[in-house]
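Please read the structure below before turning to the comments.
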Amino acid sequence: MKVLFRKTKTFLFWHTPLGEALTKFYDLLMHLKYSFKEKNLRDDKEQIEFYLTKHYHIIEKGLALPKPRVAFGQPKINDLIEKSQNYIKLYGTSPLIHSIQKMLRDYLDFNHRNNADLPKKFEDKVICFSKDLGCGGEGGVRVLKKSEIQNLSAEDFTTFVKNRTSVRDFSPIPVDYNLITSAVNIAKYSPSVCNRQGWVVHYYSDKALIGNILSYQNGNVGFTESIDKLIIVTGNIKAFTRYESNQLFIDGGLFSMSLMFALHAVGLGACPLNTCFPFFSENKVKEVADIPKSERLIMMLAVGNLKEEFLVAYSSRNEIDNFFRSH
């Protein structure tokens, strides 16, 4: 009885303004501990990769402007090449390095087409770094035609979106692993800040482990046994820098929505489950689910095959006048 009383008091404390303030303070401490510093990069492979991705995408965005400025971005490119060379010394080449090389090729092509007068030392440096173009990786700019993105009508997409709903009554037929990976491969095209893609997908198929993880989440009561697979989407703090602590949740939320649409597209049912925990509960979930401390929980997704017929909650949606503001 005393143990139950202590647990109840603890639960009530973390639902007070002070308890929430302490959790927010923990958010800040986690961000300061694991995020990367622009001018003081640690010897951390992931942080360096996210830094390189951010900075090569800045040059890509410059090339994709309506009227790019010739010879732009030279200090950034010098820094990018130097840090890429250090990365290669530490970890070897990778698809990321090849993406940077391809982007630099496009940068040179753009400036040559526009007769830009690049400083010889700088141009030689870019040519030297990008000449041994390896396999893998994608970078730079490409031409996209309007006709290529207008195959899906608004009516088709509206029907698709309206038919996606949270499913809590799954078929007992096991989910094919390949359908999960197919959906994740679709979702990876979600937008993210400077294309850093700081999300991580943790996939669970063991029923006992799923049950253990879900015992810390209060939104699955009544259908836990129906859940066949569990996905936890997290955000890697190492992908973000100063004033970007909230961006982790924005990017992770965008990816999670894309993943739910992708699961819908491959014929699976899914139900999003919140991860609104006080920090000690989040740490316990990460321990049970084998998730690194440098990641933050974004969302859990209960996944299963669809029955031929099943009931879903059919809540009304607000009229657009309730939330749309024209300025």
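Based on this model, can you work out whether PRO191 counts as modelled with pLDDT of 95 or more, part of a loop (DSSP other than H, G, I, E, B) and out of contact with any helix residue (DSSP H, G or I) (no Cβ under 9 Å at 6 or more places or on another chain)? So that I can check it myself, show each step before the final result.
Numbers: modelled with pLDDT of 95 or more: yes; part of a loop (DSSP other than H, G, I, E, B): yes; out of contact with any helix residue (DSSP H, G or I) (no Cβ under 9 Å at 6 or more places or on another chain): no.
No: the conditions fail for PRO191.
Pairing residues of the stretch 137-165 that are farther than 30 Å from PHE310 by Cβ with residues that are in a loop (DSSP other than H, G, I, E, B), at Cβ distances under 7 Å and at least 6 apart in sequence or on separate chains, gives VAL141/ALA64. Here VAL175, VAL126 are screened, and the one residue that is assigned to a loop (DSSP other than H, G, I, E, B) and among the hydrophobic types (A, V, I, L, M, F, W, C) is VAL175.
Within the stretch 236-252, can one find any residue that is under 24 Å from VAL312 (Cα atoms) and under 22 Å from the mean Cα position of the chain (by Cα)?
Start the filter on the stretch 236-252 by keeping residues that are under 24 Å from VAL312 (Cα atoms), which leaves none.
The answer is no, given that none of the residues of the stretch 236-252 is under 24 Å from VAL312 (Cα atoms) and under 22 Å from the mean Cα position of the chain (by Cα).
Reported count of residues in the stretch 25-56, each being in a helix (DSSP H, G or I) and either surrounded by 12 or more Cβ atoms within 10 Å (Cβ to Cβ) or acidic (Asp, Glu) (or both), is 18. Among the residues of the stretch 286-301, are any in a helix (DSSP H, G or I), among the basic types (Lys, Arg) and surrounded by 13 or more Cβ atoms within 10 Å (Cβ to Cβ)? Yes - at least one qualifying residue is present in the stretch 286-301. Of the numbered criteria (1) closer than 25 Å to VAL193 by Cβ; (2) of a type in the set (Val, Ile, Thr); (3) at pLDDT 95 or above, the one THR275 fails is (3). If you go through the stretch 261-276 and pick out every residue that is under 30 Å from ALA21 (Cβ atoms) and over 20 Å from the mean Cα position of the chain (by Cα), you end up with 0. If you go through the stretch 215-250 and keep only what is surrounded by 21 or more Cβ atoms within 10 Å (Cβ to Cβ) and outside any loop (DSSP other than H, G, I, E, B), you end up with LYS229, LEU230, ILE231, ILE232, VAL233, THR234, GLY235, ASN236, ILE237, LYS238, ALA239, LEU248.
The values are calculated or read from the model by the stated rules, or taken from the named source; none is laboratory data. From a predicted model like this one, the values you see are computed outputs, not experimental measurements. All Cβ positions, even for glycine, are placed from backbone atoms using ideal geometry, and neighbour counts span all protein chains on display.
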